[in-house]
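Have a look at the structure below, then the notes.
The values are calculated or read from the model by the stated rules, or taken from the named source; none is laboratory data. Everything numeric in this text was worked out from a predicted model, so none of it was measured. With ideal geometry, Cβ positions are generated from the backbone for all residues, glycine too; neighbour counts draw on all protein chains shown. Note: accessible area is taken over every heavy atom of the protein model, side chains too, but ligands, DNA and RNA are not part of it. Shrake-Rupley method; radii C 1.70, N 1.55, O 1.52, S 1.80 Å.
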Amino acid sequence: MRGKGLIRKDLPEKWAPLVERLARQKYHFVGRHTVVKKCHWTHMAMMEGRHCYKCKFYGIESHRDIQMSPSAFWCWNACMHCWRIRPQDVGVELDETRLPFYDDPKELVDGLIREHRRLMSGYKGMPGIDPKMVEEALNPAHVTMSLTGEPTLYPLLGDLIKEIHKRGMTTFVVTRGVRPDVLANLEEEPSQLYVSLEAWDKKSYDYFTRPLVPRAWELTLETLGLLPSFTNPTAIRITLIKGFNDTEEALRGFARLIDLARPTYVEIKSYMWLGTSRQRLSKEDQAPFDYLKKVSMKLSELTGYPLIGESMVSRVTLLSSIPEPIRLGKGCPEGLKMQEKVGPGEYDLELFP
Ligand code: SF4
């Protein structure tokens, strides 16, 4: 039965509890190991013409952005702030560290576009929805690999990136940085490469990012050392967990890592009390925007990266090594000067009561 993912004959029967849980959370399977989910901001773009911060910073139009992962259940970490369902959360035995099989990139991209169109076709003819937005939404322009799991565990990641670019779409790849071997051998770079960081040294890494494989911290350092060799924009995304990585010691640690990686950008984004992370962290671990900005200013001082952008609604700030971010889409033409409309319940912590 297409799209429901409940009864997928081509998936191991023993995965059913996991597939059913993801289907209930509105994840849609494309092939055997890839999932797509309509982002909150894709819906807001259609309903209210409001986009996520990536539109303001980089021109990424949220209604034309496919949020996906080619590694639905697989990751080399079990981070405390992670929202994903792990196999053991639903009693499924599965080696999370290696995909048992992998689908053809061309078929995957066909499936991603088809699934995005299916999700967006629901807006056709809806009262108050601009038909031009629907037309645009049916022609996706961006693919973001950040939904769940570790995308570099998909062995054909390089071919997938190439295939997506061939279809005229951009790629944002968000990795934990545990596979420098894969990143170093990509035939084509993603349009923008993100390395996610919450820890600043081996001790904080092993405690918070909880690796499932040996040498994960050392591999992450190797990846950070690779970033200066990339020609497309790179970014370090720091998820700020109040009371954990907002200390002087942590910020000085991040400054050393940023000096090693010399990314184009540093994004500092508040932890969000979401999904299974609620079993491990509390609402108070989220950083209110004003506090996040104060910490960002401190890191800007320590790194020499000016703070050039912010989004209160998405609770994120942008430090940059270049005066203006590189626009990778045609959305939000006013760019960093764009005034955000704050929707009901979107100021600071009201979002997750
Ligand atoms: S690397 Fe990402 S998907 Fe994996 S556990 Fe950490 S936050 Fe979750």
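Taken together, the criteria exclude GLY158 from residues that are away from the ligand (no atom under 16 Å from the Cβ), open to solvent by less than 20 Å² (accessible area, probe 1.4 Å), touching a strand residue (DSSP E or B) at 6+ places or on another chain (Cβ under 8 Å) and not in a loop (DSSP other than H, G, I, E, B).
Looking at PHE208, is it more than 16 Å from the ligand (Cβ to nearest atom) and crowded, with 16+ Cβ neighbours inside 10 Å? Considered against the rule, which asks whether it is more than 16 Å from the ligand (Cβ to nearest atom) and crowded, with 16+ Cβ neighbours inside 10 Å, PHE208 comes out as no. Against the list (1) buried (at least 20 other Cβ atoms within 10 Å of the Cβ); (2) part of a helix (DSSP H, G or I); (3) away from the ligand (no atom under 14 Å from the Cβ), the condition ALA235 fails is (2).
Any residue that is in a helix (DSSP H, G or I), closer than 29 Å to CYS79 by Cα and hydroxyl-bearing (Ser, Thr, Tyr) - is there at least one of those in segment 126-148? There is no residue in segment 126-148 that is in a helix (DSSP H, G or I), closer than 29 Å to CYS79 by Cα and hydroxyl-bearing (Ser, Thr, Tyr). Considered as a group, the residues in segment 58-83 that are among the polar types (S, T, N, Q) and touching a strand residue (DSSP E or B) at 6+ places or on another chain (Cβ under 7 Å) include one that is nearest to the ligand (Cβ to nearest atom), and that residue is ASN77. On the basis of being more than 29 Å from ALA23 (Cβ to Cβ), open to solvent by 30 Å² or more (accessible area, probe 1.4 Å), touching a residue at least 40 places away in the same chain (Cβ under 8 Å) and not β-branched (Val, Ile, Thr), does LYS202 make the cut? Here the answer is no, as LYS202 does not meet what is asked. Residues that are more than 18 Å from MET145 (Cα to Cα) and open to solvent by 90 Å² or more (accessible area, probe 1.4 Å) within segment 93-119 comprise GLU93, ARG118, listed in sequence order. LYS269 falls short on exactly one of the conditions (1) open to solvent by less than 20 Å² (accessible area, probe 1.4 Å); (2) not in a helix (DSSP H, G or I), and that condition is (1).
Looking for something away from the ligand (no atom under 16 Å from the Cβ), closer than 20 Å to PRO105 by Cβ and under 17 Å from the mean Cα position of the chain (by Cα) - is there at least one such residue anywhere in segment 2-22? So far as segment 2-22 goes, no, none of its residues is away from the ligand (no atom under 16 Å from the Cβ), closer than 20 Å to PRO105 by Cβ and under 17 Å from the mean Cα position of the chain (by Cα). Picking from residues in segment 211-231 that are β-branched (Val, Ile, Thr) and more than 19 Å from the chain's Cα centre (by Cα), the one that is surrounded by the most Cβ atoms within 10 Å (Cβ to Cβ) is VAL213. Quick check: is even one residue across segment 169-182 surrounded by fewer than 20 Cβ atoms within 10 Å (Cβ to Cβ), within 15 Å of the ligand (Cβ to nearest atom), among the hydrophobic types (A, V, I, L, M, F, W, C) and more than 22 Å from SER62 (Cβ to Cβ)? Within segment 169-182, one or more residues are surrounded by fewer than 20 Cβ atoms within 10 Å (Cβ to Cβ), within 15 Å of the ligand (Cβ to nearest atom), among the hydrophobic types (A, V, I, L, M, F, W, C) and more than 22 Å from SER62 (Cβ to Cβ). Criterion first (in contact (Cβ under 8 Å) with a residue 24 or more places away in the chain, crowded, with 16+ Cβ neighbours inside 10 Å and closer than 19 Å to PHE29 by Cα) does ALA141 satisfy it? No: the conditions fail for ALA141. For segment 93-115, indicate whether the set of residues that are modelled with pLDDT under 95, in a loop (DSSP other than H, G, I, E, B) and over 24 Å from the mean Cα position of the chain (by Cα) is non-empty. Yes: one or more hits. Inspect all residues belonging to segment 84-92 and state whether any of them is more than 16 Å from the ligand (Cβ to nearest atom), closer than 28 Å to MET47 by Cβ and charged (D, E, K, R). No, that holds for no residue.
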